[in-house]
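Everything below concerns the one structure shown next.
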Amino acid sequence: MKLLVTGGAGFIGSNFVHYALKEHPDWEITNLDKLTYAGNLENLKDIQDQPGYHFVKGDIADRKFVDKLLGQGFDVIVNFAAESHVDRSILDASPFIETNIKGTQILLEGARQYKLGRFIQVSTDEVYGSIDSGRFTEESTLSPNSPYSASKTAADLLCRAYFKTHRLPAIITRCTNNLGPYQFPEKLIPLVITNALEDKPVPVYGDGLNIRDWIFVVDHCRALDVVIQKGQPGEIYNIGGDNEKTNLELIRKLLELLDKPQGLIQFVTDRPAHDRRYALDCAKIATELGWKPAFSFEKALSATVDWYLKNESWWRSIKSGEYSKYYKKMYLER
Ligand code: NAD
Ligand code: TDX
């Protein structure tokens, strides 16, 4: 099977490339990535020369480029490529519209022209908005609250429309918050770990009681594998870890694991329109495709902490580069 993975130099995409090459040595994977601030070829260094793996630098929102690449012939597209950080979408939504909406439409159009067998859109629980109690099913109303989640919702609706209008075999997956190796340190867990290791304050938005459901990135990759092989065109599958934690609970646990003082916690101004709680009902993927998470939260968290402890040069080079400007604007100058 020939897969085009987009955004494979980012957090989840690079974990997926590692996972897929190991689990399916017969798959041929082309990784198309623009290498934005979030894309990092270091994440793929150990497999860069592996047979069956190819890297191509390019932009999913560049129609000519995508058309030419798709002309090589692929069976499946797995679209991870996105601007993925809510806070950045609040500072400037434009790249989110360009990549998440226009880029997805260009990939869909290419997939239609070249009659690809499957189009997997890697989406998020954030498209449903916030829920105080109960859980969202795949039928729940879409109610995104940030420019990021609105752009992901638009992409989901384009996938739906291409399925309805052109019978394009698109499948949407909506996953909860991932944790694991190679996550860019602007996101909560790596931000807390790396700030704590540097004895810097750990910023908690608002009262810290917002709830996220956490899933180990390998479990997300396992779910995508099942969807690629057994998912039904036109369907949506929720993917969750069943590990709801308040941010404060999670941060306290991380500081404990790192043997750092709880006094590093610093409450800061809340994120605008900060979703209070995300929670998904994942019965559909369990009953129809037989997937459930394999890793406990405790195991996932300690594996993640260990990875950041062992890969200090990876995150230090990110934190001292271009990212330091964002950090200054976001946290130090407010
Ligand atoms: P990430 O920001 O770590 O990686 C995104 C990757 O996409 C980067 O390698 C970047 O260079 C690439 N990219 C960005 N714009 C591009 C473009 N125009 N053309 C080609 N490549 C481009 O993101 P992530 O956390 O790995 O998320 C991957 C996908 O999963 C996203 O679509 C996101 O919405 C979704 N998702 C993420 C989570 C999570 O917890 N991180 C949860 C659910 C869903
Ligand atoms: O410094 C921080 N302090 C803080 O309290 C940061 C960066 C975050 N937070 C809070 C905001 C959220 O309630 O922690 C929670 C998690 O924040 P993020 O790591 O930014 O993730 P979130 O906004 O939940 O979105 C993530 O999950 C869904 C991914 O970034 C998205 O790409 C995915 O779609």
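Each reported figure results from applying straightforward, stated rules to the coordinates on display, with no laboratory input. Bear in mind that the values here come from a model prediction, so they are computed numbers and not experimental data. Positions of Cβ are backbone-derived with ideal geometry, glycine not excepted, and every protein chain shown enters the neighbour counts.
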- Mind sorting Trp214, Trp27 by how few other Cβ atoms lie within 10 Å of their own Cβ, fewest first? Trp27, Trp214
- Query: Over region 39-114, what is the mean sequence separation of C-alpha contacts under 8 Å (at least six apart), divided by residue count, expressed as relative contact order in percent?
  - Reply: 39
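Within the set of other residues whose C-beta is less than 11 Å from the C-beta of Ile236, count the net charge using Lys and Arg as +1 and Asp and Glu as -1. Provide the component values of the computation, followed by the final result.
On the way: positive: Arg160, Arg174, Lys284; negative: Glu138, Glu139, Asp156, Glu235.
Here the count lands on -1.
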- Message: Could you sort the peptides 151-164, 124-137 by per-residue average Cβ neighbour count (10 Å cutoff), highest mean leading?
- Response: 151-164, 124-137
- Note on region 117-273, DSSP bridge orientation, antiparallel percent to nearest 5 equals 15
- Roughly how many Å is it from the Cα centre of region 123-140 to that of region 15-59, as a whole number? 31
- Item | Charge tally in the Cβ shell below 13 Å around His54, where Lys, Arg are +1 and Asp, Glu are -1, His54 excluded | -1
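How big is the antiparallel share of DSSP beta bridges in the chain, given as a percent to the nearest 5?
Numbers: 3 of 40 bridges.
Taking every DSSP beta bridge with both residues in the chain, the antiparallel ones total about 10 percent.
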- Cα-projected label distance for Ser320 with His274, points at 7 Å along beta-carbon direction, nm: 3.2
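Pull up the DSSP beta bridges for region 1-105 and report the antiparallel fraction as a percent, rounded to 5.
Numbers: 0 of 14 bridges.
DSSP beta bridges in region 1-105 are roughly 0 percent antiparallel.
How far, in nm, would the chain grow between Thr246 and Gln72 when pulled straight, counting 0.36 nm per residue and subtracting the alpha carbon separation?
Details: separation 174, 0.36 × 174 = 62.64 nm, distance 4.61 nm.
Extra length available between Thr246 and Gln72 comes to 58.0 nm.
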- Item | Mean Cβ count within 10 Å, highest first, over the residues of peptides 263-269, 225-231 | 225-231, 263-269
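Which FRET efficiency value, to the nearest 0.05, is calculated for Ala161 and Phe267 with the Förster distance at 51 angstrom and r the Cβ-Cβ distance?
Working: r = 43 Å, r/R0 = 0.84.
The formula returns an efficiency of 0.75 here.
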- Message: Assuming a strict under-25 Å limit between Cα atoms, what lysine pair count do you get for region 166-276 once near-sequence pairs (fewer than 8 apart, same chain) are dropped?
- Response: 9
- Message: How charged is the neighbourhood of Glu83? Take every other residue with its Cβ under 14 Å from the Cβ of Glu83, and add Lys/Arg as +1 and Asp/Glu as -1.
- Response: -2
- FRET efficiency for Lys329 and Lys200, Cβ-Cβ distance as r, R0 = 22 Å, nearest 0.05? 0.85
- Query: Put a dot 7 Å past each Cα toward the Cβ at Asp49 and Asn145; how far apart are the dots in nm?
  - Reply: 5.0
- Message: Which of Asp259, Asp242, Asp59 ends up with the largest GNM mean-square fluctuation for the chain, with Cα atoms connected below 10 Å?
- Response: Asp259
